[in-house]
Every structure is written in C-alpha cells, then in structure tokens.
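The values are calculated or read from the model by the stated rules, or taken from the named source; none is laboratory data. Since the structure is predicted, the reported quantities are computational estimates derived from the model, not experimental observations. FYI the Cβ positions are ideal-geometry reconstructions off the backbone, even for glycines, and counts take in every protein chain you see. Note: areas computed on protein heavy atoms with side chains; ligands, DNA, RNA excluded. Shrake-Rupley method; radii C 1.70, N 1.55, O 1.52, S 1.80 Å.
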There are 4 protein chains.
Amino acid sequence: MKIKAGIIGAAGYTGGETIRLLLGHPFAELIFANSKSQAGKYLYEIHRDLVGETQLRFCDDTPKVDVLFLCLSHGESRVWLSENTLDANTFVIDMGNDFRLDGQCGDREFVYGLVEYQRDVIRMSQNIANPGCFATAIQLGLLPLAQQGLLSEVYTTGVTGSTGAGQKLQETSHFSWRLNNISPYKTLTHQHLDEMQKTLVSLQPNFGKNIYFTPWRGDFARGIFTSSMLTITHDLKEIYHLYKEYYAESAFTFVLDKNIDLKQVVNTNKCVISLEKEGDKLVIHTAIDNLLKGASGQAIQNMNLMFGIEETAGLKLKSIVY
Amino acid sequence: MKIKAGIIGAAGYTGGETIRLLLGHPFAELIFANSKSQAGKYLYEIHRDLVGETQLRFCDDTPKVDVLFLCLSHGESRVWLSENTLDANTFVIDMGNDFRLDGQCGDREFVYGLVEYQRDVIRMSQNIANPGCFATAIQLGLLPLAQQGLLSEVYTTGVTGSTGAGQKLQETSHFSWRLNNISPYKTLTHQHLDEMQKTLVSLQPNFGKNIYFTPWRGDFARGIFTSSMLTITHDLKEIYHLYKEYYAESAFTFVLDKNIDLKQVVNTNKCVISLEKEGDKLVIHTAIDNLLKGASGQAIQNMNLMFGIEETAGLKLKSIVY
Amino acid sequence: MKIKAGIIGAAGYTGGETIRLLLGHPFAELIFANSKSQAGKYLYEIHRDLVGETQLRFCDDTPKVDVLFLCLSHGESRVWLSENTLDANTFVIDMGNDFRLDGQCGDREFVYGLVEYQRDVIRMSQNIANPGCFATAIQLGLLPLAQQGLLSEVYTTGVTGSTGAGQKLQETSHFSWRLNNISPYKTLTHQHLDEMQKTLVSLQPNFGKNIYFTPWRGDFARGIFTSSMLTITHDLKEIYHLYKEYYAESAFTFVLDKNIDLKQVVNTNKCVISLEKEGDKLVIHTAIDNLLKGASGQAIQNMNLMFGIEETAGLKLKSIVY
Amino acid sequence: MKIKAGIIGAAGYTGGETIRLLLGHPFAELIFANSKSQAGKYLYEIHRDLVGETQLRFCDDTPKVDVLFLCLSHGESRVWLSENTLDANTFVIDMGNDFRLDGQCGDREFVYGLVEYQRDVIRMSQNIANPGCFATAIQLGLLPLAQQGLLSEVYTTGVTGSTGAGQKLQETSHFSWRLNNISPYKTLTHQHLDEMQKTLVSLQPNFGKNIYFTPWRGDFARGIFTSSMLTITHDLKEIYHLYKEYYAESAFTFVLDKNIDLKQVVNTNKCVISLEKEGDKLVIHTAIDNLLKGASGQAIQNMNLMFGIEETAGLKLKSIVY
C-alpha cells in the first residue's frame, strides 16, 4: 500500500517539485495538491511540464493523508497549522523556516531534517522542519569538521539560482535584469545563518557564531554553489579521510577528489563536495540543486526515512548535466 | 530477466544520455559502455554527474548483449558494423544517419524509428535507424497533415540547443561566442531534409520536396523548437481534431490548445505541439529535448517497443522545467 | 550650439537608451528626462549604470527643447500630445506605434522614420514615427526586393530579446521562466505587420498582405534575429547585387556574404543582412539590436538627419561582441 | 596630431577590445594590428562586429608607432621584446603578466599600471605592465584600507566571465559545459595573488601574504564580481569615508552606498564598489568588466595618462546594462 501524500501550497516552485517527485515515487501517491489561488485548475495548467502525467486538479480542501507537505511562504506554516485540524497520525514535513529553530507547535515537535546530520533521529520522527537551501549546501560542507571540533572562523560565499527567490515577480528576478548578472544580497545577514549555527554549535559547542556568509544572486535558474574558507592545521589527506568517513553511508552526498561543478548535481538530489588546501587555509566547495537536495528532494528523503522505506526511493533522477 | 544493453561510442552526448536512461530503466541493464578514447576510465570520470550511480568503466570490447546502441558520429556506424561481428540475435539501434535513407546493411534491415509514424512496424523490427533530432521535431508537427494528404509547401524555422552540435570543441560552440547569440547554419540544406521528405512522401506521394527549412543555433544547451508555416483551407478546429486523433494513443506526444514553450519538455521524452491559424495560413509549433525525444529517449522508446515492454518504461523523467 | 533634447517617459528601457545616447552625443545635450513615476530621483538611481555620468534628476515638467523624444507605452503618445502644449518649433520623435499608420496629429504630420526607406523625406521632416523593432529588422531585409517589385509571399520567423517586452514584470519575462526557453507569441498577428505592409505596398503595390510572421521570445536580453523565406527566380548573385546597391550609402546597414550572427550588432546601431538561396527559395537573414537600431538608435539617427548633422553622430558605439 | 598606436597579438580578445577602443578614440589612431595567424585578413573577418568600421587588415610587421600594445599570451611579451627591436621612443603597454612583478626588460622599466594606485608614477612612465583582471577588481576593493594599514586577513571569492579564459577552445569554455554552471579553479593559487600582494605590501608592509582567494568560472561572458571579507573595528561610516576620499578624483571608480551589480559596469571602463558591515566583519564588493577596466580599457587609460591627455578620452562607453 502506498504512502498517501498531500501538499499545501502546491502551485509554487517547491510545491511543483514535490508534485513531480511524488508522481514518480514508487511507494507514494499524491492524493491532493492544495492551492488557494489555483483551486479547480488542472495541475498541468500551472506546472505546464506535467501535461500527460496527471489529471489531478488543485483543490482547496485537505483530505486525510499519511504525510502532508507544507510548501508555504516562510511564516505561513505555523499559521496554517493553527487554523487547520490535522489527524494526529498524519506526518508533516514543512518546507518553510517556521520550525527550524523552535520545533514546538502544539502537540507536534518538529525535528530538523538535515539527513546527514541526524538520520536516526529523523527515522523516529513524525514532523520535519526541512532545512533551508543555502543552509543545506553550507552545512554539508562543515558537518565533518564540526563533529571533530575543528571549525574555526568560516568565511563562505555562495551563489544561488533564481528559483531560490520563488515565483513572485520582482525586479531582481526580471529576465532583463538578472541575465549575465551577479549581485550580492543579505550580506552577513542571511536568514539561514541561525539554523546553521544551531546545528554546528550542537556538534562543536565552542563554535559560536563564527560563520560569515555572503550570498550572491546567480544568472542561472537552479542550483547552489558554495565555497567556505577556514584555518586548520591538519593536512588535506587527513581532512579528506574525515569527510569520506562521515559520508561513507550517505546515499546522496559525495566527497570527490577532483574539482566539482554545479551541473554535476542539477536536477538531482545529490550534493558533491571537494576540498583544497594551501598552507593552513582549507577551502570546501559544495554544490546542490536548491529545489531538490535544498528543498523538495530532501523533503522526500525525509519522508522515506520516516516511513522506513529505501532512502533513495523516488529520488533516482536523471540529471540535466549539459 | 532484464534486457542486456551495450553502447558503442559511450563517451559522447547521446552515449551519455543512453547510459543515464539505461541506469534508470526498470527492465534493462547496462552491460557495457564502449569508448575507444576513454577505455579504462570510470563512466563518472567522463559523465561526471554519474558519481554514485555506477562503478562501470568504459571498455574497448563488445560483449554479447540483447541490444546494442550505436552512438557514433554520422557515417561511422556502417563502418563499425562492417568491421565487427555481432550475434545475429542482437538488436541494433543506430543513432547516426547511416541507415535512415538506405536501411540495408548486410543481413540487417534497418527500420526508421519514428514511433508516431510506424509504431507497429517498429514492434516487429530488429534494427532501428533512430531519427535525427530536427527531423523528429518537424515531422511530429507534420505527420497528421501528411497522412490526410493536406501538406502544401512548408516553411520551417527551428532552433537547437548547443548539445545538438556534440562534444567537439568548435568556435560556434565556444561559450563566449554562443552566449546571447543566434545564428543560422545549413540554411535550406540541413541533412535531415532527406529523411523528412522520405517519410512525408510515403504518406502523401505528391508532396515532393516542398519543405524549406532554416535552422538556427540557439543560446541554450538542450532542446529544439520549430515553427512550420503552410497554406491550408480547413478551419483550425478540424485541424486540431486531426492532430488529436492522430496522437490519441501516443505516450509522449501531446497536442495542446495553448501556447507551448520549450521548457515544458526539456529533460523529458515528450513532444508538445500547438497550432495557430490566421486566414489560410497555419502555423505548427513543436518542442522536444534534442537529446531525449530527439535521440536517446526515442532510442529507448524504440527498444521498449521491439522488446514488447511498456513503451514508457524508463522514460518517466523529471523535467527541469525552471 | 548643441541640439537641446528632452525625453518623456525616461525611466523605461527606450528612455534609458535614449539618455545614454544623448549623454555621449557630440552635438546634442540632454536638457531634461521626464518621468512621472520617478520625478525627483537621480537618473543613476533608476538607470544604475549611469553612475558618474550625469547629475541630472528625473523631472515632471517639460521645458522648451529643440527635440522631444516620446518614450511612452503604445497609445500614450497621442494622448500626451493632446494634453500638453509644445512649442511649434520643437521637433518630435515618437518611439510608440501611435503615428506609424496615421501620421496626422493636430498640426503635426509624422513621417515614418525608417531611414533606409526614405532618408530624404526624413531630412525634411519635423515629426518622426520611429519604426517598431521587428518592423525594422524585417523591412531592412525586404526593401531592396520590394523596390524592384520582386516580393512574393514572405514567411518570416524572428526572435527577440527580453528587453523588447519592456521593464514591466510579467511571467514571460520572469528569469526562472525565460532562461533557456523559446516560446512563440502573437503568431501571424504581431502589431508590426501593419506598418511593414504599408511600407512594402508603397514600393510594390501588388504585394498586399503577403507577409506571414511568427515571432518568438528568445532567452537573451538584447537583439532581434529574423529569417525570411520567399520564392524568386533571380539568381543569388543578382539579388546580392540589388541589396548591395540599395544599401551602398547606408551608414549602418551592411550586406554580408558570410553567415551573420546576432552578436555582431548587439549594443550597436547596425543591421547586418545575409542572403542564401537553394532552387527558387531565397532566405534573407537580418540582425539588429532591438533597443538601438530597433528603437533609440534609429531615433537618434532620425534626429541627426532632421537637424542636418552627420548621420552617425553619437552612434559610433562599442559593440559587446563577446 | 593623433597618437599613433599599434597592436601585437591583435586577433585575440584583449587585442580585439584594444582595436575597438582605438577606433573610437578621439586622439589616437590605430596604425597597425599585427597577428601572425591572421595576417592578410581584414580585421572584420576575425572581429566580425567591426564590419563598416575599418578597412585595415592584420599585418605581420611592426611599423614605427608612438605606443605599442602587447596583447600576447602570458610569458610571450618578454620573448617578443627580446626578438624585436623597437624605437627607443615607442611607449609599450603590456597586457600579459610578464612585467608585473619584475619590471626590468633590457633598457625598459615597466611600471605597474593600476591607475588608482599610482596615477602620478604612470604619468611619468614609458612602459606599463597592465594589471590582471582579477587583480584589478580585488585591489580596487582593498587599496583604501591598505593605504591606512587597516588590512587584516582577507578572504575573497570572485567570479569571472568566460572571456577571461580567452579565445582558445577548451572544455571549460565549451558552451554545453559552461552554461548554467559554476565551478572553482586555481583555488588559493591564482596567478594574480603575487601582483596583489606586491601592491598591498608596498602600502601596508606588515600585510604579508594574507589574501586568500577562491576564483569561480561564471556562466556569463563579460565581467568580474568579487566579495572580500575581513575583520576591522572601524565603523562602516568611517570606512565609507576613507573609500570616498581615496577615490574622490577617480574618473572610473565609484563607491556606492547601495548594493551593486555586475551589469552596472559591463561594457564600460568603470569599477563600482560597495561596503557592508556586521559586527567586526566588513564585506567589500567590487565589479568590473574584465576586458575593459580589467584589461584593454585600463590599458587605454594608462596610455591617456602617459601621453598627458584627458584620462577618460576614448573611454566614455555605452554600457550594455540590460
């Protein structure tokens, strides 16, 4: 019997990706796709690539399901849960930032769904606060060092595709503006800093707030690439060893000896990591697809873990690569 | 038991896509990936997105398989078959243009693998000449009219992504040259004209060579978009009816009432078609992914048909869409 | 003494380009840049590349000038002129489509400002209806044939950069939607058809409405590329001769023997044309920058002609090329 | 009388940009464009955007000129000068990295041509080692702090357009590879580190080698964007004051209070800088066009200074902006 799944906020980008993944999932079934603004329309009228794949329409109600994905804007999930009554047995995966720092919401306790950080905790959970996209990319680059207490001040620059800014029309997502352009935003103040610090401090209590992050808007649609620089005396070989150990069992996170590039992972649930060192400075490069490993893909991975099925189910995706 | 598949010329773009599709195929198994130039290397060293998916290496021999994909440059397949001895029971699917016009090659008779043109013939075949990418996109837009003998002079413009030009380094595929650029090539002389004319004349004998085609190089990597203009007196509703009838049973080709766009189909095996009419002029728009429906995806579709399995097996791909 | 120039609607794309050209013009001076929505702000606050070039602010009045550029939305110029009183000696150049078909507006008679069509008429004029961007690109490809009465049915496909759709936020100009995408719009019904037919019929009265045009949205920001196909018995050499004769004196329009590409002309006022022929089918390729030769550049060229100064003044621009 | 200029290596990207700038320069004249590989061809056959602008052909000799631009590959300039005899009065501007660290070459003493660092030294010089592109962008962000001795460890990430990698065909400049991609290269080992350290130490002797730089390949053709992070206790207002003072007289470098973006400067000779601060961490963003301020534009600026003409002559360029 398949896992019955529903989506709230199904007309947006993360909602759309979650639909796509559920339609291709061998052990799950999309029961409903809720969208206040698009209720009544066929899914393929809004997600126009879905033609031929489903005759489902957006709805405005919330039938009982086994797992509910909240794909709302940041801050709206807590409100939605307070205004709607869910069956106590329904699992909830929230894509917003509502429960990443404070996981309590009525009777529900949300667990931070960074699989490579706490796979076993997630397996036993019923409510997931799915990590932010930049937070995922950067933390995957730092977890092995934090676990060993080896983090010092971290200087990170990251670049994100335009889908990270969502579907909303705005000047910095206007094609004529963004094409061939690079621009910084939320320098040193990005909202994902808090969830990263919480994780890293839990592993390395003396780390404090020593992560300094400059995000850039990139001129591509999908993906995040980050480079983090820090000081460490261990030699590169030892560090590589640490990383390969840490990720030895990971289904989607790969530590590579060669230079990596973003298109290795676009349209997949993978994260690739590479390490370079000169003197006592280490640089950690990571790449993910912001909508998959950074959002809907990781959400499905969390669902798989919570329901005790194969972690990679529904996530063996053909990369775009070229 | 799975279909055992091998690839000759596995290091190029269509070879890479065929690998990706076979790795995700529920009823087929990639037995070997032959590449003279890369023999000995892991597949993921060349197709770097394959990290974590296979430990196979490129080989330089040709073990016995159920089906062999020839992913060579145009003109090389005929040579390869003349220089290598295949088991008589091995099915062959050729991605080149070697057998599209003249299907005879020793004891083997190649059949033109345009599924929507002759699905039943393909089912009974053992050797497939896989259609060209532009030929696929344009013919799918014209088959329903040709079948009714309604084609008049056809004026087509089409634009292709850079992957259509392959992996070879050349000025017109240099990033600094091609970015933000559009340029024509092989105006009225594209090599796919012959195979299109052959198909269309077989359906409408009086059609002759009345297709005039201007191809453009586009500034994107994947996809083909074409618009064909012609004169016809039937009203648009009737014509839509014809198209919808013709493609009623097609698993991947969809006739849409609304404007279409290329990203509806990128990274999928679909073709979308829309029709518009003013006075007696009809415009037929089509879009495909040149490497999938226009090459490796169609090849797998042909394999599925020849082996009597579900036509869509291994081809339910997550679109890139954004 | 410099020509004193003012702009109405100076905050948009064509307004911005007109500002840039006037700031670099040796014989003209930008006196004011009027924008209702941005009045009071520095020009460089909106056109952020202008930092360091001018301390002018947007205004909401209309001081007396020698020439006024109307850079309003289509349909607004006629309204603006009816609501504002201009000095009778002020020359007016309208970028909209308000006066292209019907040039009469009170005492003013607007002349169609396609320089290569009627340079001498423009020289004697005081009011210019500046041609549309697609209309410019397509007509420059057809004028020499029309002049000789050699046009037959013309089948044109053209692709435009996103700036052609202006500054307004809309789905088809959203970065995540448009990147790597191609889509048709206004198939066979584009609003520039009328002005093209008017010109072509004036040269070849039997031409009628025999131009069929499919426009595409391109995934670049600047430029238009068109290919027009038609039937003609003359040989290519003769046709080339006609074109080279026709454009022998043109400062910006070049007939080239080799394949052309869009980036030859991006960020310049040039148009490049090439011709190819097979059998009795001729293909005419043209490329322009939609905001320059297709809008503000041509407007300045018209100003230069009307004021009797060198046609190329202020228009010797460094191309982007790469 | 105009400055007579010649170019060695005129068929490449920086050669091409130098040609374009010289053709538009009011006080200079391009006398010859030397290219071994293209000798005999018209400039517009290689730099195809130059159609209509010059009838000059590439040559393989070296007539006497007032100023010679060496646009050769790194390492070739020193060889070229040793193998060719120049008139002692000829000024030389070298675009390569041959003389940036060791300026001595026979009787000639090359001076580092970073205008904002030593405008007055340049004015008195006869031979210029033109700075590297990344070196220009990063140093312009650090000079004001270095001058005050305020630099601490600097962590810089920068992204460059594909033209930075030149005209040579290579995998990482292949369109299908680079489009929508980001990738690191020469992490912590970029060849521009040395020239930056030399400048910064000259201003702040205790700075040592404390600059750590991660370069990325970007998916655009023109431009460099950098963000440098460092620790400093001064408040942001003071720092802004320092920067504005330092660049008060600069013709092309602007310190802006708002976020900057790359397209503000593409196709211009400008550099824009903005500063942001949280706690004791300062982030300095800079943007330039790598081929102009980062190469040929800065070379012309150096020429202007050495010949005592207006610093901005020939460099008032229309930006691409959209």
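Quick look at the values:
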| item | result |
| --- | --- |
| Meets criteria (over 12 Å from the mean Cα position of the chain (by Cα), open to solvent by 10 Å² or more (accessible area, probe 1.4 Å) and closer than 29 Å to C:Val283 by Cα) for C:Tyr112 | no |
| The lone exception for A:Gln38 - which of (1) away from every other protein chain (no Cβ under 14 Å); (2) at pLDDT 95 or above; (3) closer than 17 Å to A:Gln167 by Cβ; (4) assigned to a loop (DSSP other than H, G, I, E, B) it fails | (1) |
| Residues satisfying the stated conditions in the stretch D:266-283, i.e. part of a loop (DSSP other than H, G, I, E, B) and not hydrophobic (A, V, I, L, M, F, W, C) | D:Asn267, D:Thr268, D:Asn269, D:Lys270, D:Gly279, D:Asp280 |
| Out of B:Lys258, B:Lys281, sole residue that is facing another protein chain (nearest Cβ under 9 Å), in contact with a Phe, Trp or Tyr (Cβ under 7 Å, 6 or more places away or on another chain) and either over 26 Å from B:His174 (Cα atoms) or among the basic types (Lys, Arg) (or both) | B:Lys281 |
| Filter pass, C:Thr286 being at the interface with chain B (Cβ under 10 Å from one of its Cβ atoms) and β-branched (Val, Ile, Thr) | no |
| Residues of the stretch D:249-259 that turn out to be part of a loop (DSSP other than H, G, I, E, B) and either crowded, with 24+ Cβ neighbours inside 10 Å or within 22 Å of the chain's Cα centre (by Cα) (or both), as a count | 4 |
| Odd one out for D:Gly308, checked against (1) at negative phi; (2) touching a residue at least 12 places away in the same chain (Cβ under 8 Å); (3) assigned to a loop (DSSP other than H, G, I, E, B) | (1) |
| Every residue from the stretch D:2-15 that is closer than 12 Å to D:Leu70 by Cα and part of a strand (DSSP E or B) | D:Ala5, D:Gly6, D:Ile7, D:Ile8 |
| Tally of residues being under 15 Å from A:Ala135 (Cβ atoms) and either open to solvent by 30 Å² or more (accessible area, probe 1.4 Å) or away from chain D (no Cβ under 14 Å) (or both) across the stretch A:170-206 | 13 |
| C:Val321 vs. criteria without any contact (Cβ under 8 Å) to a residue 60 or more places away in the chain, assigned to a strand (DSSP E or B), closer than 22 Å to C:Arg217 by Cα and within 14 Å of chain B (Cβ to nearest Cβ) | no |
| Per-region count, the stretch A:234-248, residues in contact with a Phe, Trp or Tyr (Cβ under 9 Å, 6 or more places away or on another chain) and open to solvent by 40 Å² or more (accessible area, probe 1.4 Å) | 0 |
| Unmet requirement for D:Thr54, which otherwise passes all of (1) assigned to a helix (DSSP H, G or I); (2) within 14 Å of chain C (Cβ to nearest Cβ); (3) open to solvent by 10 Å² or more (accessible area, probe 1.4 Å) | (1) |
| Boolean, B:Glu310 is open to solvent by 10 Å² or more (accessible area, probe 1.4 Å), closer than 22 Å to A:Thr54 by Cα and either more than 7 Å from every other protein chain (Cβ to nearest Cβ) or modelled with pLDDT under 95 (or both) | yes |
| Among the residues listed as C:Gln197, C:Gln170, the single one being out of contact with any Phe, Trp or Tyr (no Cβ under 9 Å at 6 or more places or on another chain), farther than 16 Å from C:Gly223 by Cα and in the same structural domain as C:Val272 (by TED's automatic domain parsing) | C:Gln170 |
| Complete set of residues in the stretch D:235-248 that are in contact with a helix residue (DSSP H, G or I) (Cβ under 8 Å, 6 or more places away or on another chain) and in a loop (DSSP other than H, G, I, E, B) | D:Tyr247 |
| Test: residue in the stretch D:214-233 that is among the hydrophobic types (A, V, I, L, M, F, W, C), more than 11 Å from chain A (Cβ to nearest Cβ) and either farther than 19 Å from D:Thr160 by Cα or open to solvent by 10 Å² or more (accessible area, probe 1.4 Å) (or both) | yes |
| B:Ala299, sole failed condition from (1) more than 14 Å from chain C (Cβ to nearest Cβ); (2) in a strand (DSSP E or B) | (2) |
| Top-ranked residue of the stretch A:16-33 - restricted to ones that are in contact with a strand residue (DSSP E or B) (Cβ under 7 Å, 6 or more places away or on another chain) and part of a helix (DSSP H, G or I), ranked as surrounded by the most Cβ atoms within 10 Å (Cβ to Cβ) | A:Thr18 |
| Count of residues meeting criterion [touching an Asp or Glu at 6+ places or on another chain (Cβ under 6 Å) and assigned to a strand (DSSP E or B)] in the stretch A:57-72 | 1 |
| Yes/no for C:Gln139 being under 23 Å from C:Asn290 (Cα atoms), open to solvent by less than 40 Å² (accessible area, probe 1.4 Å), under 15 Å from the mean Cα position of the chain (by Cα) and without any contact (Cβ under 8 Å) to a residue 60 or more places away in the chain | no |
| Unique residue being crowded, with 23+ Cβ neighbours inside 10 Å, without any contact (Cβ under 8 Å) to a residue 60 or more places away in the chain and either of a type in the set (Asp, Glu) or more than 10 Å from chain D (Cβ to nearest Cβ) (or both) when the list is A:Ala129, A:Ala165 | A:Ala129 |
| Qualifying positions in the stretch A:77-100 - among the polar types (S, T, N, Q) and in a helix (DSSP H, G or I) | A:Ser77, A:Ser82 |
| Residue in the stretch D:36-43 that is hydrophobic (A, V, I, L, M, F, W, C), open to solvent by 50 Å² or more (accessible area, probe 1.4 Å) and out of contact with any Ser or Thr (no Cβ under 8 Å at 6 or more places or on another chain) present | no |
| Looking only at the stretch B:276-287, and only at residues there that are touching a strand residue (DSSP E or B) at 6+ places or on another chain (Cβ under 6 Å) and open to solvent by 10 Å² or more (accessible area, probe 1.4 Å), the one that is farthest from B:Phe225 (Cα to Cα) | B:Asp280 |
| Flag if C:Thr268 is within 22 Å of the chain's Cα centre (by Cα), more than 16 Å from C:Thr160 (Cβ to Cβ) and either outside the structural domain of C:Leu68 (by TED's automatic domain parsing) or buried (at least 19 other Cβ atoms within 10 Å of the Cβ) (or both) | yes |
